[in-house]
Structure formats: structure tokens, C-alpha cells
Amino acid sequence: ELGEALSTRGDHANYPPRGWNSYDSFSWIVSEQEFLQNAEIVSKRLLSHGYQYVVVDFLWYRRKVPGAYTDSLGFDVIDTWGRVIPDPQRWPSSRDGKGFTEVANKVHAMGLKFGIHVMRGISTQAVNANTPILDISTGRAYTESGRNWYAKDIGLKDRACAWMPHGFMSVDTNLGAARAFLRSLYTQYAEWGVDFVKHDCVFGDDLNVKEITIVSEVLKELDRPILYSLSPGTSVTPTMAKDVSALVNMYRITGDDWDTWGDVSAHFNVSRDFAAAHMIGDKGLQGTSWPDLDMLPLGWLTDPGSNDGPHRKSKLNLDEQRTQMTLWSMAKSPLMFGGDLRKLDSITYDVIANPTLLEINSFSMNNMEFPYITATNDLRGSHLGFSAESERPKEINALASHVLHLTSCKDHKAKGWVSEVLDNELERICWKDSRRNYWPPFCLFKRKPLVTVTSDDKILHKQKYQGKHHLLALDSMEFCLDASPNRKLTSQELKSSLFSPCRWDANQMWELNSNETLVNSYSGLCGVLKNAKANVNSGGIRSWVATGQRGEIYLSFFNLSPQEVVISAKVSDLKRVLPWRNLHQASCTYREVWTGKDYGVAKETISLAVATHGCALLVLRFDMMENYLQMNQSNGEVICKQPFVIGVSGGDASGKTTVCDKIIAQLRDQRVVLVNQDSFYVTWSADSPKKIHEHNFDHPDAFDNELLLSCMEKLKVGQAVDIPIYDMKTHRRRAARKVNPSDIIILEGILVLHEPRVRALMNMKIFVDTDSDLRLARRIQRDIVERGRDVQAVLSQYAKFVKPGFEEFILPSKKYADIVIPRGADNEVAIDLIVQHIHAKLSQHDLCKIYPNVDVILSTLQIKEMLTRIRDVKTAKHDFVFYADRLIRLIVEHGLGHLPFKEKQIITPTGDVYTGVAFCRSLCGVSVIRSGESMENALRACCKGIKIGKILIHGEQNDSRQLIYERLPEDISERRVLFLDPILATGNSAVKAISLLISKGVLESNIIFLNLIASPEGIHAVCKRFPTLRLVTSEIDISLDKESNVVPGMGEFADRYFGT
């Protein structure tokens, strides 16, 4: 089941984490009883859907007594070492120093994982009490430089959490004592049995990279894996997130999400940006990291920061709830349900447990916004305006049109701040970004230095913040610019430029750098100015696309506008974002998930009416095999109508045409048509022949490549075309000749391998290689006799155009050839081998068209020679093993190319950035005893340390198969499986073995069958039964004999390999 797939993973957070969090329903007041009641429901109803984490949100250490609230001081329970511990009144099992141990044990007994919320640094209460710091290596107070260290030594009062200033503050991570304190915190969490930590007030506007880094290092050292989550995500950008994504497993990218439409719609832009930055499922702490869109505020809820528990239903209507769940799933956000599960209704359950949405959330790939959509009243240009209450003094009207945002100082958009000295010697810092037309410029005044300082703290602060300044909106005011708001913002709220009474606080300290960036001391982020109008949430229509494990495509439509609209998308436009998918010949059927309606076969355009704030989620299936069978079936037999295209290239007069004629002559049992590239020369105008000797016929621009491509594409799909007839004497086209589709099409010409779009249509590519002197002699004879030219003109044109054209365009295309024929048409042996090769490839070609999951590796003469060696009955054992191992390794490497991958950037030894890819790491091999064991060495050579299971199948006389033995990795259901069997004969054993793997929970689409030689019968048996499995082989033989041996085959592979 899906829940099992998510609960036992090799790497950490391989899929977006899923669970329940107490915040949306209980704010900070949840009790042990209420928490465990919800956990029990998660275990019984949601665990099977992958919801496995249950998380206690903030202030579990705060006593619920009169006067206590979210930013109150003096109500927290702390231990001797200044560490917060659960409030014993709300969490009675925590008494006697047990912490959350008993709660975690009960959660684990339910099959779940236990999580807690923690804040940045150290509590203000611990600093005020000046508690000692614990050294976990000794169990005593931390000692360094001959003295004990205390909370006041490490707490940074000027770096208190901006939205909980009385609660917590940063610690000075440069100090060993501060690092020891953080280590003591997270070691204690691990001892309690914590599996998940939500670390708050360290990201977004409150960024603290140093603390995140240290916590990440501590978690990596612990005995138990702990998933690491960051919060909140106000003002987060991909540039900022790249500094921490590898250190964590999930990180918020918005402010708090509550049950308003404005909060939901505010997530579309930011989720689009993170998908475009390829940060979904990027490398994370001991596994993977995921951009987090926040919890799902559905069902029975409370209010933000409330002292009351759940007391109201979610304000989102059903359409809006489905929109939220669909976007969260398409963007592969972690799914943390926030409602009180004790009142979980069936409608809400159906939203959060929808199996298609959960499969998309966990297993889909290539997730991105799909921009190629239209609406009946094109609403993409409209906007839904949202405003936030301004928290700055009303008299600062000059700032109304500007909004100060924070971003990574690495972001080029942060540059644009300059310093100006006015006539009255006042200094101000202004934003003068040349990319914007702000007038008047946005300016802030540096605060004048204090004349007298009496406080020791202020002296220390002035030393600490030397070179940094308070910034004022007006010189006459005592209100200074804050970097981060003094309360948590929701997702839809726009951050405005905030001012509050000036104080010695890192949140109000700014430094202008020489590179024109303005950096804040609290977060280390830089200010960037934006037009306030640009920050409204856009409405209109949106769409997302993703691909599934079985070849399906997920397409979602979102209507953000206040009225119902019809949203449309062209099926052909999917190719624009998924260019590697072969959709041209596919039959597309689709259904809508939320309504369950099956729409059948899609035409050119898919159009659906989408309700206000609603969505449609479509599952598109492109069944190429079924489409092929329906279009090409006659009297119960499949007929191959899609032609086999051979490209023949080489220098002018190299013998290409003669080679083609000889190939055609030997393919007597096939319908063959020859197309000459010369037919597609560009036609000359009536006055141009006098310039003929100045024209370069050996340049790519001499051909009408678009017409050539059009004709070849039509022939490839079975349509007749008109091929132009080009007169080489007049250099104009005459009447065209009609060419009908055939079994084989040979395209011949000097540059047929040069144009990549034409080259992509070919099934085989041949280059005819002939000595240059022989080519020149042939050219002179041909042009004088056949084309009426004089010898001097021929020689001049050869020197000026032909020879340079060959070296610049034709010879480089030789590298694309599958086969090179030396000595041209005189090489009879090579032509005979090519014809045999074509016959073999035609058989493979037919099967590959019927079964798109069959992949025959590209056959070169080198591979053909190795196959010849191992087929030869005279080949000695040591040579058989040598060449078999070489071939098997090629098969393995080719099979690995079918694994999913993601883009990855690394730094080279030169210090440069290289963008490459990283393949999935959860692999194992399974070999069929005993012949499959011959492939294990090659697999281990390609995949270091890979686990390999074994299956033994016994054949009966009636050709049935019986499982005798199996030894498979326990977590095989979470892995992609490389199934090893070198010879595929009837396919009965393979079907039995693959069925066993699927019964063990392995997804069919996660199996890659690696094989040396296959029979058509075996391919039919396996690929018809398992259409989403991938079969990789080196060659498809003719058939089976009466004893079910592959012929021509190579005999008993295992006996020859192992010498038995």
C-alpha cells in the first residue's frame, strides 16, 4: 500500500513527508490526551494513506494559566540546564524528567512517528535565570577557558525572534558554549524518541543560517534519524532557500496558511518559482528536501494565536479545499493535515485521502506550471487584489508606493542602494535601481549618533554594530526601519515597510556594502525595493502538469477568478514542456479525478468548465501500443505500417547511390522507396543561372530542409507525399513524383545526417567513406557527361565549395552514423552484412512499435562482433565469459539510463559550476538462478554496493513454472528493481518471477528487465502482461524451435558461462 511505501525508506524523506500537526486546531494549548486521541485516528484511518508523522506544535512547555499567551514571559517550564520541557499539567506523562518519552513510545506503538516544534536559540526565561550550559560529553556544566558558561553568556538579546520577542533569542554560534547548548537540546529530543523537528523563527525574514547549519550537523551525528523542518517562510525565494535546502528535509516557502481563499491563492506564484528552480525533491539532510506550502487548514479549526481549542469549521468551501489539495499535491509539498481529527467528516476525508492526489504527491515527476492554457474570457491578465493593514505610522505617506522585501544577498536584484550626503550634512541611503522608474527615489535617513552614552549595554552595542546604522523614514522622527515584522504574517499578507520606535536591536541595524547591497544584522538578508502594486496576488487561471510512473500525464486547471470559466489546453502543447515524450502517434484518453468522469479519447483540445476558486485534475493516458494495434490490425495479425527509415550519407560522388541500389536489390522481399536529398535543392530564379558557379551546393542552406522534414515526417506516419524533381541543369524544380509509404525508406544525400530533426526520424544511419581523389574523379566525370559542365568550372567549384563543405559539414556528421562503409560500393562484404543487419533490425523494429516498453540497444559493428563471438559454438569458455561480460555491462549501463533523475549542480576543481544530473539511489538487483547470476558482476561493477536478491523457478514438463526459492531485500517494495535474465525464450519463467516481485509490493513501472537475447514469443509474453515494465535487450532473435530454444540463439547460457 501507499502508506507502507512511505513508511520504510532507505534515504531520509525520499517522498514529501505526510502527517498531522496540532497548530491549526489547537494553537498552543493541545494536551496529551487530545494529542494522543488525534494520533490514534491517524493510525487507524490515515496511516494507510501515508500520513505517518504526528507533530506537537509550539509552546508545549508553556503553562496554560491566566496571563499566558503566545508571547508571554515567565510561564515556560525549563530544566536545570535552561532547556524547555513539557508542561506537566498538559502532559502528565512528562513528570519526573521523562519529557516526551512515554508519548513517543505510544505514538511508535501506533505505527507512527513523533514530532515536536522548537524555537530558535534559547528561551528568554533561561537567559533571565542564567542557567548553566550542559556539556553532554561529561554530563556536567560546560567549561571552557577555565570557567563555567551560562545562558547569559550565549544569548543574544538584540536578536530576539522578531514575532516572539519575549520568548526566544538567538545564541552566539561562534561560541563553543552556544554550540554545546544546541547539541544538548537535540540530543535530548533524540533521547525522548522524537522523529521530526519543526524549527521555527530561523528561516524567511528570520533567517539564521549558522544555527540551521549547526542543528543539521548535530542531527546528522545522532543515533536515530530525525526529519528536519524549517518555519516560517515569509519572503522566501529560491535563491535564499538554496543556502539551506541541503541542510534540511522540508522548509516553508510562505507565511502561515489559514483557511481563507487569499492564503490559498497566494501559493501559486511561489510554488511556480520553486518548481522552475528545480528545487522540488532536491538533495537534503541525509536524503531529500521539499519546499513546504504549510499545513492543510481543513475540517475543525481554531484561530491564529488563540488560547482556545478547535471551535469552528474551515472557511474554505469544497471547491477551494480541492484546489488547495490539488496544488499541494502537484507541487509535491509535504502534506500536514491541521484539523481536529476527532471531528473528521467524510467530505474532508475524501479530500485528504484521494488516492490519485496522494500518488501524484509522492511519485510524480517533472512537476511544473503549465502556461499554455486559455479561458473563455481570458482572465490571466486580471488580478485579485489583497491588502494588508499598514503597521507603520500613518504620517509616513511617502512610503505608500514602495515595499521593502528581504532576499539573499547573492541575489543580483538586491543591488541598487547608494549613499547621499545632503547640504545640511545629513546622510541618507536611497534605492536607485536603474531597472525601475521610481520617482521620487525611496530614501532612508541614517540616524545621528548619540551624543552621550551612559549604559554599558549601549556601549557594547555600539562596538558590536560599528559601521551599521538605524534607518529612519524622516530625519525628525524616532521610528526606525525593522527588517522583520513583529508578528507572523499569513500567506496572503503583503509585507510593508515596517517602522517602530528605535532601539538597539539587530532587527533595526543595517549596513551598506560597497556592492550596493543593504544587509540587515538580524537575518543577514539584504533589502530589495519593490513596487507595492506588483505584490498583489494574481488571479485568473493557472495550470500545472506532471508525469506519472506508468506513463500517464497529470494536467490540472485552476480558476482563481471570481466567476466560472472554461479553461482549455491543446494536447499538442504538452510536447512544449515534455519534449522527450513521444505523443505524436499516441491515442490520448482522459478522466477528471474529482468528479470521476471519463471523457474518453481527447481531440486536439481539452476544455472544461471550472467553478469559481475551483479546479479540475485530469489524468491523461497515451496508449501508443493500443493505438498502433487498432490502426494496424488485419485479420487478427499485426501489420507493420510505420516504415523503417535508413539514412545514407557521405561526400559527393562517394558511391552513396550505388550502395543504396545494392541494398535495395538484396531486400527483394521488402517494399523499399529511395528519396534523394538532391530533390530538395532550393529552386533558382530565372536570372540566376549566370551565377551558378558562385553558388555553394554543399552548404546546408542550399537545401529546403523544411520541405524535406515535412515529407519525411509524413512518410514516417504512413502518408503519401509529393517529392519534387530537381533539374540539375536548370536548377529548378519540375513536376513532382508521388511517393507512397513503404516498409523501408532510404534517404540518401550528402547532408542527411547533418540536420538533427531529420536525423531523429532514422532507424539506421550509414556513412559511405571513400578516398577524396576517387570522389573528385567521379565528380568530374559525372558533371561533364551528365550535367553539361566544363572541367575548369568543376575543378574551381570543388576547390572553392565542395572540399571545404565536406570538411565543415559532411565529415563531422560521420560521428552520427551507426555503420561506416569504407571503400563505398566496392565493399561487397560490408553491404551484405548491412543487409543482414537490416533484416534483424526490421524484426526488432516491428516489436518495438507494438511494445513501446521494449528497448533494443543501438547495434554497432562492435556489438555485432561480440554477439557473433558468444553465439559461436567454437568459442572457448574464457572468451565466452569475456565477451558476455562486456555485452552484459553495456546492457546494464543502458538500463540504468531509464532511471529517473533530477538536475544537480556541482562545483568542479576549477571552482566552476557544472549542471548535471543525479539518478535515483534506491536500487536493487534480482537475478534468476542460475543464468541470471552471470549478470551480477557487471551490475556490481556499475552500481557499487548494490543489493542483489535471487529467485529460482523450476520448469515442469507441461511448460508451467513453479517457484522453488526466493531471497529478496526486505525493503524491495521501496526500490527500483533491475531484473537479470540473459535469455528470454518462452517468457514463462520471467512472468512468474516478475509476478512475484509485484506481489512483494514492487511497482511494475519500477522494474527494468535486463536481457541479452530475446525471442519474439518471450517479448509478447512479458510485455503484454506487464506493459509498464521496461525491457532492455541487445538483440531479438527469429523465433523458438520445437524445444522452446531461442534460434539462432547461443545454447544453454549458464552452462557455457559457468563451464558446467
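The values are calculated or read from the model by the stated rules, or taken from the named source; none is laboratory data. Note that the structure is predicted; figures quoted are calculated from it, not measured. Using ideal geometry, Cβ is built from the backbone for each residue, glycine included, and neighbour counts are taken over all protein chains shown.
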**OP:** Could you check residue 1031 against (1) hydrophobic (A, V, I, L, M, F, W, C); (2) assigned to a strand (DSSP E or B); (3) surrounded by fewer than 21 Cβ atoms within 10 Å (Cβ to Cβ) and say which number it fails?
**Re:** (3)
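Given the residues 850, 857, 838, which is the only one that is at negative phi, modelled with pLDDT of 75 or more, surrounded by 15 or more Cβ atoms within 10 Å (Cβ to Cβ) and under 47 Å from the mean Cα position of the chain (by Cα)?
When all the criteria are applied, what remains is 857.
For segment 169-201, enumerate the residues that are part of a helix (DSSP H, G or I) and among the hydroxyl-bearing types (Ser, Thr, Tyr).
184, 186, 187, 189
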**OP:** Take segment 115-168 and flag every residue that is of a type outside the set (Val, Ile, Thr), within 43 Å of the chain's Cα centre (by Cα), assigned to a loop (DSSP other than H, G, I, E, B) and within 16 Å of residue 182 (Cα to Cα).
**Re:** 119, 120, 121, 137
Original post:
Is it the case that segment 1002-1025 has a residue that's at pLDDT below 95, within 20 Å of residue 936 (Cα to Cα) and part of a helix (DSSP H, G or I)?
Top reply: yes
Original post:
When you scan segment 432-529 for strands (runs of 3 or more DSSP E) that lie fully inside it, which ones turn up with 2 or more residues that are of a type in the set (Val, Ile, Thr) and at pLDDT 75 or above?
Top reply: none
**OP:** Quick one: count up the residues across segment 899-932 that are of a type in the set (S, T, N, Q) and out of contact with any Gly (no Cβ under 8 Å at 6 or more places or on another chain).
**Re:** 4
Original post:
Of the numbered conditions (1) at negative phi; (2) surrounded by 13 or more Cβ atoms within 10 Å (Cβ to Cβ); (3) in contact with a helix residue (DSSP H, G or I) (Cβ under 9 Å, 6 or more places away or on another chain); (4) modelled with pLDDT of 55 or more, residue 347 satisfies every one except a single condition; which is it?
Top reply: (2)
Subject >> Residue in segment 145-195 that is farthest from residue 54 (Cα to Cα), counting only those that are charged (D, E, K, R) and free of Cβ contacts under 8 Å to residues at least 60 places away in the same chain >> reply: 147
**OP:** Residues that are modelled with pLDDT of 90 or more and outside the structural domain of residue 276 (by TED's automatic domain parsing): find the strands (runs of 3 or more DSSP E) completely inside segment 875-976 holding 3 or more of those.
**Re:** 923-928, 947-955
Original post:
Can you pull out the strands (runs of 3 or more DSSP E) entirely within segment 238-340 that have at least 1 residues that are touching a helix residue (DSSP H, G or I) at 6+ places or on another chain (Cβ under 9 Å), assigned by TED's automatic domain parsing to the domain that holds residue 45 and surrounded by fewer than 24 Cβ atoms within 10 Å (Cβ to Cβ)?
Top reply: 282-284
Original post:
Could you say which residue among 42, 30, 56 is touching a residue at least 60 places away in the same chain (Cβ under 8 Å), aliphatic (A, V, I, L, M) and closer than 26 Å to residue 220 by Cβ?
Top reply: 56
Original post:
With respect to residue 184, is the statement that it is at negative phi and in contact with a Leu (Cβ under 6 Å, 6 or more places away or on another chain) true?
Top reply: yes
